[in-house]
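Report on one structure; see the data block that follows.
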Amino acid sequence: QIMSQVEGQQKNLVQAIEALPSSGPLSALDQDLLLLKATSAATLSCLGECLSLLQQSMHQVGHHHNRTLSSEGILGWPGPKSHSQEQLKNGALSSLSSASANITWAIVPSASQDGQALQPNTEHSGSELILVEDEMTDTEDNEEEDLGVMDDQRSVILHLISQLKLGMDLTRVVLPTFILEKRSLLEMYANFMAHPDLFLSIAAGATPEERIICFVEYYLTAFHEGRKGAVAKKPYNPIIGETFHCSWDVPKDKVKAFRTNGASTVSKDPTKEFGQDQSTCYKLRFVAEQVSHHPPVSCFYCECKEKKMCVNAHVWTKSKFMGMSIGVSMVGEGVLYLLEHEEEYVFTLPSAYARSILTIPWVELGGKVNINCARTGYSATVTFHTKPFYGGKVHRVTAEVKHNSTNTIVCKAQGEWNGTLEFTYSNGDTKVIDTNKLPVTRKKIRPIAKQGPLESRRLWQNVTNSLKEGNIDAATEHKHRLEERQRAEERQRAALTTPWKPKYFVKEGDGWLYLNPLWKT
């Protein structure tokens, strides 16, 4: 009863705040009022959670004493149905006035006039030929400005937070454009390959033990380059059918067998790097595709024919609102295939958290990840530690590689995934890798003019250019058009009951496989 009363009072408070004018001495977008609205909604949500936990434990106690307590007898609290919550569902939230917040956006955009189809024909021709000769060394620096949240932007974020419930799934919530990073999520996955020499070295390991240790070394160094800049920004959500292609030329002398591959240095002479002789390099190719919109599933495949190795992965990103931070789980898995050794390494990915979203947001990785090779009986556990509330270090990671049948630990690692990592081997040897000193091999990518209409950089070029110019309104408008086009097509497919058919990947069981993988050819 008290919860219902409080809910009524909170609803009145929200309505009173929202009834205020949008500008003037006391406006509906006043920082303190927005914070009050957000805090009261979060408090109510939290109390609701507490109530349901208490009811569950009462219920269990009831069962314990063999007293059948019918679930109807428990008063349920449906959670706050605040005025703004209703609007969020119905998509009727009007966009904030540009004057007050320097940016116009709606949580659920209204249907746009731009009804052009992204995909003119639903019938896919075979995979188009991606000409490697057209690829050029990427010159994008991808650096993000490390600015905190501006005051006018903070009020927009506060406005958004005041509409959300703890634990709410953010998949369908459109976030403000100024928090976007200038690249697609598909390209972010490609940036996990920024140290292709370490990746290719896995196949050079002489024994199964050396190979899994090499994989763990590569895995731990893969994340720092995927996260550009200290400030948490969000890559573009790929649009269904979007693809990203690139490749790397890896000098053969940089791919070394196990334990001799200390932090190798790359010649800093750009002319040499740009004109790498093909015969002295391994070629590593990468393709990613967004194969599903709800749920949002991205697939990527990467191969090196000469080293007879490839990776196939599918990732479903689930984001969740957690008060002052946002959590993103990466559901899915990847498999590394070493064809020469007939080994398959199955691995998962950590969760990511955007912390302090109202001040200077930063990214933290968290969770336990497993790497497993059934054929050799070796496995590894990697734990990304989130910072404790008081004290403690940030970005800590620990790892352990063991031989399952003998239960012996053959390698341990600890350090920071974006700093220094220390490896200790069973024979007492140690090795230190400083991720900031590792040479980054730039990817090769075709110029936008030679890309297809659904390739990431061409598809998002207007949004990217607007963000570079600092024109948030234009970026929002371009992004809105792309998303609206995607929705219109989805409605069209639903009406014609024609499911989406990806171009490069095919669904198998719970996962997705590249159409023409190395093990088939």
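Things to note:
- Of 307, 318, all but one fail to be crowded, with 21+ Cβ neighbours inside 10 Å, more than 14 Å from residue 240 (Cα to Cα) and not aromatic (Phe, Trp, Tyr); the exception is 307.
- Residues in the range 4-29 that are without any contact (Cβ under 8 Å) to a residue 60 or more places away in the chain, of a type outside the set (S, T, N, Q) and open to solvent by 40 Å² or more (accessible area, probe 1.4 Å): 6, 13, 16, 19, 20, 21, 24, 25, 26.
- Out of 392, 366, sole residue that is among the small types (Gly, Ala, Ser), at pLDDT below 90, over 22 Å from residue 205 (Cβ atoms) and not in a strand (DSSP E or B): 392
- Single residue of 187, 181 found to be at negative phi and either aromatic (Phe, Trp, Tyr) or at pLDDT 90 or above (or both): 187
- Among (1) surrounded by fewer than 16 Cβ atoms within 10 Å (Cβ to Cβ); (2) touching a helix residue (DSSP H, G or I) at 6+ places or on another chain (Cβ under 8 Å), the one test that residue 433 misses: (1)
- Condition met for residue 464 (of a type in the set (S, T, N, Q), assigned to a helix (DSSP H, G or I) and modelled with pLDDT of 90 or more): yes
- All positions within the range 395-430 that are free of Cβ contacts under 8 Å to residues at least 40 places away in the same chain, assigned to a loop (DSSP other than H, G, I, E, B) and open to solvent by 60 Å² or more (accessible area, probe 1.4 Å): 404, 405, 406, 407, 426, 427
- Residue that is touching a strand residue (DSSP E or B) at 6+ places or on another chain (Cβ under 6 Å) and part of a loop (DSSP other than H, G, I, E, B), where the choices are 306, 340: 306
- Here residue 494 passes the criteria (1) in a loop (DSSP other than H, G, I, E, B); (2) among the small types (Gly, Ala, Ser); (3) modelled with pLDDT under 90 except the one numbered (1).
- When the range 35-59 is filtered for residues that are more than 18 Å from residue 168 (Cβ to Cβ), surrounded by 14 or more Cβ atoms within 10 Å (Cβ to Cβ) and not polar (S, T, N, Q), the ones remaining, listed by number, are 35, 36, 59.
- Failed item, numbered, when residue 441 is tested on (1) part of a loop (DSSP other than H, G, I, E, B); (2) modelled with pLDDT of 90 or more: (2)
The values are calculated or read from the model by the stated rules, or taken from the named source; none is laboratory data. All values derive from a computational prediction rather than experimental measurement. Backbone-built Cβ (ideal geometry, glycine too); neighbour counts: all protein chains shown. The accessibility values were calculated without ligands, DNA or RNA, using every heavy atom of the protein model including side chains. Shrake-Rupley method; radii C 1.70, N 1.55, O 1.52, S 1.80 Å.
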